[in-house]
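Beneath this line is the structure, given in structure tokens, with notes to follow.
Please treat every number below as a calculation from the coordinates, not as lab data. Just so you know, these numbers come straight off a predicted model, no measurement behind them. Here the Cβ positions follow ideal geometry from the backbone for every residue, glycine too, while neighbour counts run over all protein chains shown.
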Amino acid sequence: MPENCPACGATVIRFEGEVAYRCDNINCPARIKESLIFFASREAMDIEGMGPAVVEQLVDRNLVNNVADLYRLSLEDLLTLDKTGQKKATNLFEAIEASKSRPLSRLLHALGIRFVGGKTARILAEQYRDIDVIATLSEESLVQIPEIGVKIATSVVSFFNEPENLETIEKLKAAGVNTREAEPTVVDGKLTGKTLVLTGALESLTRSEASELIEKHGGKVSSSVSRKTDYVVAGADPGSKLDKAIKLGVTILTESEFLEIVGNKGQVGTMSARQ
DNA sequence: GAGCCTCGAGATCT
DNA sequence: CTCGAGGCTC
């Protein structure tokens, strides 16, 4: 039985097992609003002051029809928003301006490419450092990258094959939005070429802090133990990854041995140094 | 041994 | 979602 999108009336398909339906109309106002809210959100382009209420008005007044239009808004446009005087309008204007210099990884995330979230966006940005390069990648080369499989590769390729998306990217560039990533800053290469796996809870670091430390020292974090794993860092209550490490003879590090190597003993994760 | 399948673990996801 | 392990066939 066909259903219709409540916002635009287009016929939608409800996939088996999926909670929500998907409207395929690229011009559906509900979709445009969602993409803008996500684009401006804290985890994406982080445009302070631009939430659902502001987006709603911008779209309804036809001031904005896609993410690139945000950068064409004038102070006068913003002054037309409800309960918005000089102060609020200026703040919003400056927040939009400031978002132009976000790193490429944030922009990639913000574009809303299916299956490309913060982590995958960071991987792509660090590896290629230029959106124009990423736009020309083939599915075959994308799949070579660890953590990227066929689903993500297909999604990325099809996103950059869409003329409408390429046009939006050109408009963003023309508006002065940053589309490149700086060279990665590796402080020293103590873990260069090494693959590490984390298991169990660490006492002085969160998982992402530990990953960040490893990457900063040139190492790679993997999610499962194999013969290619160099070290397993075992915290409290480790999972099956520790058993596998023992079985494969992979070197196991305690938390303090790990901190010794990265030379950050007591300098990270002070938040939860003691429980 | 290569190729293909299913499965579980762990991380990620507009 | 991705990946590796284990099981199976040829």
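Values computed for the structure shown
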| quantity | calculated |
| --- | --- |
| Student exercise, region A:195-272 dipole from Lys, Arg, Asp, Glu Cβ charges, in Debye to nearest 20 | 380 |
| Antiparallel DSSP beta bridges within chain A, as percent of all bridges there, nearest 5 | 35 |
| Phi-based couplings in Hz for region A:241-254 (Karplus 6.51, -1.76, 1.60; Gly and Pro marked x) | 5, 5, 4, 5, 4, 5, 4, 8, x, 7, 4, 9, 10, 7 |
| Selected from A:70, A:202, A:36 as most flexible by GNM, with chain A as the system and alpha-carbon contacts under 10 Å | A:202 |
| In sequence order, calculated HN-Hα J values of region A:51-68 (Karplus, 6.51, -1.76, 1.60; Hz; x Gly/Pro) | x, x, 5, 5, 4, 3, 5, 4, 6, 4, 8, 6, 7, 9, 10, 7, 4, 5 |
| Positive-end residue, chain A charge dipole about Cα centroid, Cβ charges, pick of A:242, A:105, A:117 | A:242 |
| Where N is the number of residues in chain A, Cα Rg divided by 2.2 N^0.38 Å | 1.21 |
| Among beta bridges that DSSP assigns inside region A:195-272, antiparallel share in %, nearest 5 | 10 |
| Cβ-derived FRET efficiency at R0 35 Å, residue A:180 paired with residue A:79, nearest 0.05 | 0.60 |
| Rh by Kirkwood over Cα pairs, then Stokes-Einstein D for region A:3-101 at 0.890 mPa s and 25 °C, µm²/s | 168 |
| Cα-only radius of gyration and Dmax that characterise region A:104-174, units Å | 11.0, 32 |
| Pairwise centroid distance, computed over Cα atoms, of region A:106-120 with region A:190-230, Å | 23 |
| Between helix A:150-161 and chain A: long-axis angle, C-alpha atoms, 0 to 90°, nearest 10 | 30 |
| Highest to lowest packing among A:255-262, A:124-131, scored as the average C-beta count within 10 Å | A:124-131, A:255-262 |
| Largest-first ellipsoid semi-axes for region A:195-272, taking √(5λ) over the Cα gyration tensor eigenvalues, angstrom | 20, 13, 10 |
| Chain A, dipole about Cα centre (Lys/Arg Cβ +1, Asp/Glu Cβ -1), debye to the nearest 20 | 520 |
| Residue (of A:92, A:259, A:136) at the positive-pole extreme of chain A, dipole from beta-carbon charges | A:259 |
